[in-house]
1. Restricting to segment B:274-306, what's the tally of residues that are free of Cβ contacts under 8 Å to residues at least 24 places away in the same chain and in contact with a Ser or Thr (Cβ under 8 Å, 6 or more places away or on another chain)?
2. Name the single residue that is nearest to the other protein chains (Cβ to nearest Cβ) among those in segment A:129-188 being of a type in the set (Gly, Ala, Ser) and closer than 14 Å to A:Val44 by Cβ.
3. What number of residues within segment B:34-73 are hydrophobic (A, V, I, L, M, F, W, C) and loosely packed, with under 11 Cβ neighbours inside 10 Å?
4. Out of the residues in segment B:67-88 that are under 23 Å from B:Asp275 (Cβ atoms) and among the hydroxyl-bearing types (Ser, Thr, Tyr), which is farthest from the other protein chains (Cβ to nearest Cβ)?
5. Does B:Ile226 count as surrounded by fewer than 21 Cβ atoms within 10 Å (Cβ to Cβ), touching a residue at least 40 places away in the same chain (Cβ under 8 Å) and among the hydrophobic types (A, V, I, L, M, F, W, C)?
6. Which of the residues that make up segment A:170-211 are within 21 Å of B:Arg95 (Cα to Cα) and buried (at least 21 other Cβ atoms within 10 Å of the Cβ)?
7. Does B:Asp293 satisfy the condition of being charged (D, E, K, R), out of contact with any strand residue (DSSP E or B) (no Cβ under 9 Å at 6 or more places or on another chain), under 25 Å from B:Ala74 (Cα atoms) and part of a helix (DSSP H, G or I)?
8. If you go through segment B:173-184 one residue at a time, do you hit one that is outside any helix (DSSP H, G or I), hydrophobic (A, V, I, L, M, F, W, C) and in contact with a strand residue (DSSP E or B) (Cβ under 7 Å, 6 or more places away or on another chain)?
Amino acid sequence: MSQNPLVRLLRFLFFAVIVRAVILVALGLTVRHRERLPKDGPAVLAGNHNSNLDALAIMALMPPRLLPKLRPVAAMDYFLTGGFRSWFATNIIGIIPVKRGSGKEGGNPLQLAEEALDRGEILVIFPEGTRGEPETLQEFKKGIGHLAHARPNVPVVPVFMHGLGKTLPRGSLLLVPFNVIVSVGAPLYGTSSYSEFVSKLQRAIADLAAQEKLPVWE
Amino acid sequence: MTGPLGLPANVVYATAGIYALLVLATLIVLVLRWRNPGVRYQELADRTDSWWWMIGAFTLAVLLNQTVAVVFLAFISYLALKEYLSLIPTRRIDRGVLLFAYLAIPIQFYWAAIDWYGMFIVFVPVWMFLFFPAFMALRGETQGFLRAVGTLSWGLMMTVFTLSHMAWLLVSGDKVNPIAGGVGLLLFLVVLTQFNDVAQYIWGKLLGRHKVTPTVSPKKTWEGLIGGVATTIAVAALIGPYLTPMDWLWSALAGTVLGIAGFLGDITLSAVKRDLGVKDTGGLIPGHGGILDRVDSLTYAAPAFVHFIRYFFYP
């Protein structure tokens, strides 16, 4: 993320004006258990993934004073394709890039994320790894388990979201407004068993989803 | 007889009256909390806070100028349609169609703003009613077609057509209401409808015994309904002669129309919520629920009052 004060101001204006106007006014969030959101970093917000708006919605939910600390973890191959897209993702959205699949090559794909937590930042992460079919929960990837284990004192807050997959699903450029439900779960902490943590987190988000009465969308 | 901001003096007095009621309600909540320190009265306090916001936004928009008022009312319509479309089952194929449904809002409120009654009254029930099913048919998906057409048509009528009557009343009212203008008529409609909701609630809490609609809205009682409507009639007869072209007797009749229509709008939306299995239509307004929970009575009261007064008092 750029240290240039002008770019930082642009980032603040982008979120304070455009993102808030779109997410909070044009769409509208119904937030359940807002009090469970972290008051400060380091923390991880782990949500289900349906739409490119997901990260923006979670970021709009947090108070503006925490904006400099908010960093969505995002796939390098999707966002860092060069040119304006890379600049925007890095400096305005402030993503932390992850090289998908690089764990299998022996590297630590989450090293930048761990460093961000050490700086007291708040990560926004989507353990499904991809948006996939809108409004359906997919199997979580294991990376979040490794991250939580590497930083066992950092709270991982489960966040269930519904509505953005209808508003702007994968493959569509048409934004059709729907109300968005955001339900925040109680924080979880990393354990030595990665897969156990991951399934616990997945269950927590599925439980939040089960408490909502959601309309059919087919 | 104009007061500050070029507003009719009676409108200024009426607004002052609304704020006096609001201050009174706030004081009552404070006294309740002070006398029963153990009880939190969270919902009551949330509701009163939300009333401050809603009345603040409404009076500011409506009293500022007519364009701001129409845009404000169109925005309420947008929130209501969005909430409705988010609650009901929809089809993925219809995403584009639904975007057009949103576009119907500025167009409908534009007809109201230019006081083109003929177009205003047919745009949704004729043109949109014909357009959307054909649009959906052209998209080619027949599975769930009838349900999609039915829910969208009804939703547009409830959230766009009915609520846009408030905008048309505001714009067209000036020429029939020299003492308080369109603003006076709109205040009479909205304030009495909301007041009627509260009055029915309070009478129901005090005396409620016999349920009116046990399967739809079990909290509604005959005592609440009759007490509420009677209170609304009394207040209408008192304020009508100052805000509308009606004398006290006509005002009382208008109060009856508002009270009963408001009740019908309320239970109609309750039936929808029951069908969908939700308690509130949304979480926009703390203590009240969603926007539809707040404007449900207006969906019936607005067209009922507008066509009542148009029939008897418009040239």
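The values are calculated or read from the model by the stated rules, or taken from the named source; none is laboratory data. Note that the coordinates shown come from a computational prediction; the quantities given were computed from them, not determined experimentally. Positions of Cβ are generated from backbone atoms using ideal geometry, with glycine treated the same way; all protein chains shown enter the neighbour counts.
1. Qualifying residue count for the region: 2.
2. Let us first name the residues in segment A:129-188 that are of a type in the set (Gly, Ala, Ser), namely A:129, A:132, A:143, A:145, A:148, A:150, A:163, A:165, A:171-172, A:183, A:185-186.
This time we only want the ones that are closer than 14 Å to A:Val44 by Cβ, so: A:143, A:145, A:148, A:150, A:185-186.
Numbers: A:Gly143: 30, A:Gly145: 32, A:Ala148: 30, A:Ala150: 36, A:Gly185: 17, A:Ala186: 20 Å.
Checking each candidate, the answer is A:Gly185.
3. Kept after step one, since they are hydrophobic (A, V, I, L, M, F, W, C), are these residues of segment B:34-73: B:34, B:39, B:44-45, B:51-55, B:57-58, B:60-64, B:68-73.
If we keep only those that are loosely packed, with under 11 Cβ neighbours inside 10 Å too, we end up with B:34, B:39.
Residues in segment B:34-73 being hydrophobic (A, V, I, L, M, F, W, C) and loosely packed, with under 11 Cβ neighbours inside 10 Å: 2 in total.
4. At the first step, the residues of segment B:67-88 found to be under 23 Å from B:Asp275 (Cβ atoms) are B:77, B:79-88.
Retained after the next criterion (residues that are among the hydroxyl-bearing types (Ser, Thr, Tyr)): B:77, B:84, B:86.
On the way: B:Ser77: 13, B:Tyr84: 10, B:Ser86: 4 Å.
Taking the candidates together, the pick is B:Ser77.
5. Values: surrounded by fewer than 21 Cβ atoms within 10 Å (Cβ to Cβ): yes; touching a residue at least 40 places away in the same chain (Cβ under 8 Å): no; among the hydrophobic types (A, V, I, L, M, F, W, C): yes.
So B:Ile226 does not fit the description; no.
6. Of everything in segment A:170-211, those that are within 21 Å of B:Arg95 (Cα to Cα) and buried (at least 21 other Cβ atoms within 10 Å of the Cβ) turn out to be A:Val176, A:Pro177, A:Phe178, A:Asn179, A:Val180, A:Ile181.
7. On the way: charged (D, E, K, R): yes; out of contact with any strand residue (DSSP E or B) (no Cβ under 9 Å at 6 or more places or on another chain): no; under 25 Å from B:Ala74 (Cα atoms): yes; part of a helix (DSSP H, G or I): yes.
In short, no.
8. If we filter segment B:173-184 for residues that are outside any helix (DSSP H, G or I), which is where we start, we get B:176-180.
From the residues that got through so far, the ones that are hydrophobic (A, V, I, L, M, F, W, C) too are B:176, B:179-180.
Next cut, in contact with a strand residue (DSSP E or B) (Cβ under 7 Å, 6 or more places away or on another chain) only: B:179-180.
Yes, because at least one residue in segment B:173-184 is outside any helix (DSSP H, G or I), hydrophobic (A, V, I, L, M, F, W, C) and in contact with a strand residue (DSSP E or B) (Cβ under 7 Å, 6 or more places away or on another chain).
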